[in-house]
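These notes are about the structure you will find just below.
The values are calculated or read from the model by the stated rules, or taken from the named source; none is laboratory data. Treat the numbers as computed from the prediction; the structure is a model and nothing was measured. FYI the Cβ positions are ideal-geometry reconstructions off the backbone, even for glycines, and counts take in every protein chain you see.
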Amino acid sequence: MSGESQTAGQYIQHHLTNMTYGNMPESAVGKHLCGEEVPAVAHAGWQMAHCGAEAKAMGFMSINVDTMFWSIFLGILFLFLFNKVAKTATSGVPGGMQNFVEMVVEFVDSSVKGTFNGRNPFVAPMALTIFVWVFLINFMDLFPVDWIPAAAGWIGHTFFGMDPHHVYFKVVPSTDPNATFGMALAVFMLTLYYSFKQKGLIGFAGELTLHPFSSKNKVMQLVFIPINFVLEFVALLAKPLSLSLRLYGNMFAGEMIFILIALMYGGGWVVGAFGGFLQLGWAIFHILIITLQAYIFMTLTIVYMDLAYQTSEDH
């Protein structure tokens, strides 16, 4: 356990707090937002938060630096690896990496062909990007929970004189709802764009107001329009919510279990050895979870894109 002076609650809270950079308001200056043992906020302006309470005081425009770093780094890693394989691909006997990439590409391509009935060359590359990127993001949960945060604490203490207990560095972006909501909103905006592009404003409005209840009687149809709109609008908003919360909830639960298992290492040799067996078993099972969550996110994205291409006659 990093920081032997920490209680179990402080240890858990430390691992669940993001490294946040934001604009501290004037109203927070002089207040002990992190407790009396931490110096009061010295000044307003852009700065790093020393705890979750300071991050909350910074408001909506604050940035979770660790989430952004790992998301961008893993995205670049994905592009680098796949681009390198594409440039060095051979028609002969493929190497291990080429064989793996081809297997992933064929898997995603078959998923798109089996689900998406429209014609859009953008869908398959997007699905491939989502699947691999989300998988890499989720894969970070398999690293021991103390290694990278402890390294970040050591760097902060050695080079910047910071208290390592106030250096936060989460390594799994999908355990941050800001990241999962951001990805889900990007997918949602794309589906809205292609819905308007394929159906037009009138067609899209008709999709929200003429289904699921309809009638040949004009008066009854007018009665059904607001009912249909409420039902369809709720279903429309549920798409990004369910897409983001499903990924966040599963990955957060997995991370929480790893943190609780890590607490066992401070309970002596017997409890620590038992924790080691639990960690190994959960890590093996978690490989299935991280892969499944990446596949579900990709599949639902393809389904939503397919719905964007369906006209009213298809419903």
- request: Those residues that are among the aliphatic types (A, V, I, L, M) and assigned to a loop (DSSP other than H, G, I, E, B), I need them from region 76-132; list them, please.
  value: ALA89, VAL93
field: Matching residues in region 14-43 - criterion: being of a type outside the set (Ser, Thr, Tyr) and surrounded by fewer than 12 Cβ atoms within 10 Å (Cβ to Cβ)
entry: GLU26, GLY30, GLY35, GLU36, GLU37, PRO39, ALA42, HIS43
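Quickly run through region 96-134 and pick out the residues that are farther than 22 Å from ASP306 by Cβ and surrounded by 13 or more Cβ atoms within 10 Å (Cβ to Cβ).
Start the filter on region 96-134 by keeping residues that are farther than 22 Å from ASP306 by Cβ, which leaves 96-103.
Within region 96-134, MET97, GLN98, PHE100, VAL101, GLU102 meet the criteria.
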query: Would a scan of region 266-277 turn up a residue that is touching a Phe, Trp or Tyr at 6+ places or on another chain (Cβ under 6 Å), under 21 Å from LEU136 (Cβ atoms), in a helix (DSSP H, G or I) and in contact (Cβ under 8 Å) with a residue 12 or more places away in the chain?
result: no
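Name the residue, out of ALA205, ALA186, ALA179, that is within 30 Å of ILE261 (Cα to Cα) and either of a type in the set (Gly, Ala, Ser) or assigned to a helix (DSSP H, G or I) (or both). Walk me through it before giving the result.
Values: ALA205 fails: within 30 Å of ILE261 (Cα to Cα); ALA186 fails: within 30 Å of ILE261 (Cα to Cα).
Unique residue meeting the criteria: ALA179.
In this structure, is THR88 in contact with a helix residue (DSSP H, G or I) (Cβ under 6 Å, 6 or more places away or on another chain) and on the phi < 0 side of the Ramachandran plot?
Details: in contact with a helix residue (DSSP H, G or I) (Cβ under 6 Å, 6 or more places away or on another chain): no; on the phi < 0 side of the Ramachandran plot: yes.
Spelling it out, it is not the case that THR88 is in contact with a helix residue (DSSP H, G or I) (Cβ under 6 Å, 6 or more places away or on another chain) and on the phi < 0 side of the Ramachandran plot.
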query: When you look at PHE159, is it out of contact with any strand residue (DSSP E or B) (no Cβ under 7 Å at 6 or more places or on another chain), assigned to a helix (DSSP H, G or I) and under 27 Å from ILE284 (Cβ atoms), yes or no?
result: no
Residue check, MET140 surrounded by 14 or more Cβ atoms within 10 Å (Cβ to Cβ), touching a Phe, Trp or Tyr at 6+ places or on another chain (Cβ under 9 Å), assigned to a helix (DSSP H, G or I) and not charged (D, E, K, R): yes
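Matching residues to (1) surrounded by fewer than 17 Cβ atoms within 10 Å (Cβ to Cβ); (2) in contact with a strand residue (DSSP E or B) (Cβ under 7 Å, 6 or more places away or on another chain); (3) basic (Lys, Arg):
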residue: ASN217; (1), (2), (3): yes, no, no
residue: VAL223; (1), (2), (3): yes, no, no
residue: GLU232; (1), (2), (3): yes, no, no
residue: LYS239; (1), (2), (3): no, no, yes
residue: SER244; (1), (2), (3): no, no, no
residue: HIS286; (1), (2), (3): no, no, no
residue: THR311; (1), (2), (3): yes, no, no
- prompt: Identify, please: which residue in region 75-89 is small (Gly, Ala, Ser) and farther than 13 Å from LEU128 by Cα and is, among those, modelled with the highest pLDDT?
  reply: ALA86
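What's the total number of residues in region 198-207 that are in contact (Cβ under 8 Å) with a residue 24 or more places away in the chain and surrounded by fewer than 17 Cβ atoms within 10 Å (Cβ to Cβ)? Don't jump to the end; show me each part of the working.
From region 198-207, those in contact (Cβ under 8 Å) with a residue 24 or more places away in the chain are 198-199, 203, 206-207; that's our starting set.
Those still in the list that are surrounded by fewer than 17 Cβ atoms within 10 Å (Cβ to Cβ) too: 198, 203, 206.
Total satisfying the criteria: 3.
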Single unsatisfied condition, ASN228 versus (1) modelled with pLDDT under 90; (2) in a helix (DSSP H, G or I): (1)
field: Of residues in region 163-176 being surrounded by 16 or more Cβ atoms within 10 Å (Cβ to Cβ) and not in a helix (DSSP H, G or I), the one farthest from the chain's Cα centre (by Cα)
entry: VAL167
Some residue of region 292-315 being within 30 Å of GLU207 (Cα to Cα), without any contact (Cβ under 8 Å) to a residue 40 or more places away in the chain, out of contact with any Asp or Glu (no Cβ under 8 Å at 6 or more places or on another chain) and charged (D, E, K, R): yes
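Does THR311 fit the bill of being polar (S, T, N, Q), at pLDDT 95 or above and farther than 22 Å from VAL171 by Cβ?
So THR311 fails the test.
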message: Need pairs with beta-carbon distance below 6 Å; first residue touching a residue at least 60 places away in the same chain (Cβ under 8 Å) and more than 14 Å from GLY182 (Cβ to Cβ) and within region 56-73, second surrounded by 17 or more Cβ atoms within 10 Å (Cβ to Cβ) and of a type outside the set (A, V, I, L, M, F, W, C); sequence gap 6+ or separate chains.
response: ASP66/ASN18; ASP66/LYS170
- line: PRO149 fails exactly one of (1) in a helix (DSSP H, G or I); (2) surrounded by fewer than 18 Cβ atoms within 10 Å (Cβ to Cβ); (3) under 22 Å from the mean Cα position of the chain (by Cα), namely (2)
